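Okay, so here's the structure we're looking at.
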Amino acid sequence: MPENVAGPADSWWSNAVVYQIYPRSFADSNADGIGDLQGIIERLDYLSQLGADVLWLSPVYPSPHDDNGYDISNYQDIDPLFGTLADFDRLLAGVHERGMKLVMDLVVNHTSDEHPWFTASRDGGPSGDKRDWYIWRPPRAGMDPGTPGAEPNNWESWFSGPAWTYDAASGEYYLHTFSRKQPDLNWDNPEVRQAVYAMMRWWLERGVDGFRMDVINLISKDPALPDGIMPEGARFGLGHPYYVCGPRIHEYLAEMHREVFEGHSRQLLTVGEMPGVTVEEAQLFTDPARREVDMVFQFEHVGLDEGPGGKFDVRPLKLTDLKASLGRWQTGLGETGWNSLYWNNHDQPRVVSRFGDDSPAYRDRSAKLLATVLHLHRGTPYIYQGEELGMANAPFTSIDDFRDIESLNYHREQTALGTDPATILKGLRHRSRDNARTPMQWDATEHAGFTAGTPWIAVNPDYVDVNAKAQLSDPDSVFHYYRRLIELRHTEPAITHGDFHMLHPDHEQLYAFTRHNAASSTELLVIANFGGADLTVDLPDGWEDSDTLIANLPATSPLTSTYTLRPWETRVHRRSTA
Ligand code: TEU
Ligand code: CA
């Protein structure tokens with residue numbers, strides 16, 4: 001570690017906790033059934049009471065909402081659905097008054113097809129001055145344009161179907177790795193990069209404290225845009241190797257850092273969302289000496305329950321796979337890299353249903369266990385709205401219950417292919433992003449206090465039992481457990497600075513690890529029973545007289561070298577190593 005660059009564990013965000021707000025589903029102040037900025041303002045005291053240090057706002061910019069705002073048509077304004085720039089300024093002031101920071105969602109791998117940049121690029125034709133702001137290519141040689149297979153390569157969109165759409169007026173195709181209404185920007189064009197940097201500086205000058213960067217590792221693509229290999233029986237080729245962490249990705253992120261973040265006196269946070277990133281690449285992205293990003297969202301641990309048929313081909317999670325993956329990221333980033341730690345976000349199903357037990361008997365207890373295991377890892381934890389309440393997946397019963405383009409396209413595509421409807425619905429119920437997007441559950445009144453109107457997506461009927469109001473007044477609630485975990489992160493140096501050592505890596509029900517911090521002569525032991533049966537475990541000696549930092553059940557006995565954990569029981573103990 002070069003002397004002049006502090007290690008990531010010494011940065012302000014290393015003991016911070018980030019809370020993600022999905023504004024559309026957080027709090028509706030004007031009864032139109034959609035969350036808005038005023039609704040967030042009215043809930044800032046709740047977030048401050050939880051102890052969040054940073055708020056991450058999913059996009060609130062003008063958008064046609066083809067992908068719920070991840071398709072932006074104006075980067076420097078607020079969508080009227082959510083409010084105005086004046087509302088935003090009031091929100092930002094309210095966040096800062098409470099000692100919190102606010103980071104925006106930066107979606108610059110693509111824009112909306114309704115962004116003026118794209119309409120100029122499309123309507124200006126092949127010789128237009130904005131044509132090269134996006135990725136246009138002629139049909140595949142010898143093929144009739146607009147017919148299946150005439151696309152310039154065989155890549156598939158993340159939202160089903162080809163990653164190219166034909167523009168008959170110009171006779172060319174444009175690339176969209178996501179929906180056809182989300183054309184990819186051409187980051188190889190310096191004009192594009194400078195326009196993005198200018199927009200980012202505009203938000204920093206407005207007072208925001210950083211960015212979560214949407215699929216930022218896709219912005220550099222192999223310029224040849226070659227066909228991907230076609231797996232047996234597949235309808236599309238694998239494009240990922242040609243656009244995940246492409247040839248100029250580090251150059252672009254280092255340039256962005258120089259052009260936007262260099263020399264800022266304020267404490268800023270940058271986190272890159274990076275599907276497909278490896279530990280080795282993440283070490284390069286997050287090494288402070290390289291000045292690229294502070295941390296990344298990796299996707300390994302949230303892909304372990306996927307079968308060969310992709311994300312909706314759900315398989316049971318093997319705990320040893322989860323431990324191997326998270327353990328690799330803990331040790332692999334070492335002293336120079338830094339992890340973001342998450343179970344949930346607006347794209348992931350609710351972790352208490354996915355990796356825990358959302359039955360009334362064990363929902364709260366397993367939610368606390370999952371939070372404990374995550375928050376005691378080395379890295380910066382992210383809490384997704386409602387996770388702090390133990391909110392669970394929704395009981396969707398029909399495709400009419402879903403709203404997400406990814407789910408609706410998947411349903412349409414699989415139905416056309418003749419897949420059994422029950423199989424399609426089963427996969428969607430387990431993995432649809434709409435599980436994370438049902439409205440925040442504030443209280444037991446109609447629509448969980450989210451709206452006085454009709455919510456854009458149904459509230460989970462369990463809101464009568466699972467809601468913020470009930471938990472704020474219950475000291476043993478999931479909410480107060482999260483609040484204590486956040487307090488620990490602010491006060492216990494071993495959580496931020498300690499090393500990581502996995503215990504019993506081959507055990508299929510026990511998640512156990514130690515964190516040792518020599519500087520504070522402290523060692524932590526985390527043990528967690530990932531299952532519905534008692535579990536007697538062999539523990540290292542010398543923990544009998546240790547302090548209990550946090551636990552989701554009262555201890556049955558001192559932590560002797562053999563200890564029986566009850567279903568979904570977790571404990572964190574601390575001892576001095578002086
Ligand atoms: O998500 C990137 C990403 O990996 C998504 O494709 C997501 O994981 C999806 O479920 C894949 O199956 C970001 C945003 O978080 C997501 O909401 C957007 O839809 C996407 O990019 C495009 O902006
Ligand atoms: Ca509203």
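A compact table of results
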{"item": "Filter result (within 15 Å of the chain's Cα centre (by Cα) and buried (at least 24 other Cβ atoms within 10 Å of the Cβ)) within region 343-372", "result": "W343, N344, P349, R350, V351"}
{"item": "Residues being touching a Gly at 6+ places or on another chain (Cβ under 8 Å) and more than 15 Å from G39 (Cβ to Cβ) - total across region 437-458", "result": "1"}
{"item": "Criterion: within 16 Å of ligand 2 (Cβ to nearest atom) and more than 27 Å from S220 (Cα to Cα) - qualifying residue of L81, L85, L92, L102", "result": "L81"}
{"item": "Count of region 87-125 residues which are open to solvent by 50 Å² or more (accessible area, probe 1.4 Å) and away from ligand 1 (no atom under 16 Å from the Cβ)", "result": "9"}
{"item": "Verdict on P23 being in the same structural domain as G272 (by TED's automatic domain parsing) and out of contact with any strand residue (DSSP E or B) (no Cβ under 9 Å at 6 or more places or on another chain)", "result": "no"}
{"item": "Test: residue in region 449-458 that is open to solvent by 60 Å² or more (accessible area, probe 1.4 Å), modelled with pLDDT of 95 or more and within 16 Å of ligand 2 (Cβ to nearest atom)", "result": "yes"}
{"item": "Long-range neighbours under 9 Å by Cβ, at least six apart or interchain, first residue within 16 Å of N217 (Cβ to Cβ) within region 175-186, second polar (S, T, N, Q) and within 10 Å of ligand 1 (Cβ to nearest atom)", "result": "T177/N109; T177/S157; F178/N109; F178/S157; D184/N109; D184/T177; L185/N109"}
{"item": "Selected residue (only one of D506, D534, D476 is assigned by TED's automatic domain parsing to the domain that holds T372 and open to solvent by 30 Å² or more (accessible area, probe 1.4 Å))", "result": "D476"}
{"item": "Those residues of region 42-63 which are in contact with a Lys or Arg (Cβ under 6 Å, 6 or more places away or on another chain) and within 12 Å of ligand 2 (Cβ to nearest atom), in sequence order", "result": "none"}
{"item": "Cross-chain or 6+ apart pairs with Cβ under 9 Å, region 426-453 first and among the aromatic types (F, W, Y), then open to solvent by 30 Å² or more (accessible area, probe 1.4 Å) and not in a helix (DSSP H, G or I)", "result": "W442/R43"}
{"item": "Any chance Q471 is buried (at least 20 other Cβ atoms within 10 Å of the Cβ), within 30 Å of H377 (Cβ to Cβ) and in contact with a Ser or Thr (Cβ under 8 Å, 6 or more places away or on another chain)", "result": "yes"}
{"item": "Residue in region 216-227 that is within 13 Å of F285 (Cβ to Cβ) and open to solvent by 10 Å² or more (accessible area, probe 1.4 Å) present", "result": "no"}
{"item": "Matching residues, region 430-460, being among the acidic types (D, E) and more than 16 Å from ligand 1 (Cβ to nearest atom)", "result": "D443, E446"}
{"item": "For V196: the one exception among (1) open to solvent by less than 10 Å² (accessible area, probe 1.4 Å); (2) assigned to a helix (DSSP H, G or I); (3) in contact with an Asp or Glu (Cβ under 8 Å, 6 or more places away or on another chain)", "result": "(3)"}
{"item": "Qualifying residue in region 142-157 (condition: more than 27 Å from D227 (Cβ to Cβ), not small (G, A, S) and not assigned by TED's automatic domain parsing to the domain that holds M230)", "result": "no"}
{"item": "Test: residue in region 17-40 that is of a type in the set (F, W, Y) and either surrounded by fewer than 20 Cβ atoms within 10 Å (Cβ to Cβ) or more than 30 Å from H110 (Cα to Cα) (or both)", "result": "no"}
{"item": "Condition check for T496: closer than 22 Å to V18 by Cβ, without any contact (Cβ under 8 Å) to a residue 24 or more places away in the chain and among the hydroxyl-bearing types (S, T, Y)", "result": "no"}
{"item": "Of residues in region 158-193 being open to solvent by 10 Å² or more (accessible area, probe 1.4 Å) and hydroxyl-bearing (S, T, Y), the one nearest to ligand 2 (Cβ to nearest atom)", "result": "S160"}
{"item": "Per-region count, region 62-72, residues surrounded by fewer than 24 Cβ atoms within 10 Å (Cβ to Cβ) and more than 9 Å from ligand 1 (Cβ to nearest atom)", "result": "4"}
{"item": "Test for R43: is it of a type in the set (K, R), open to solvent by 10 Å² or more (accessible area, probe 1.4 Å) and within 30 Å of T496 (Cβ to Cβ)", "result": "yes"}
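The values are calculated or read from the model by the stated rules, or taken from the named source; none is laboratory data. No experiment lies behind these values; they were computed from the predicted model shown. Heads up, the Cβs are rebuilt from the backbone with ideal geometry, glycines too, and the neighbour counts pull from every protein chain shown. Accessible surface is based on the protein model in full, side chains and every heavy atom, while ligands, DNA and RNA are left aside. Shrake-Rupley method; radii C 1.70, N 1.55, O 1.52, S 1.80 Å.
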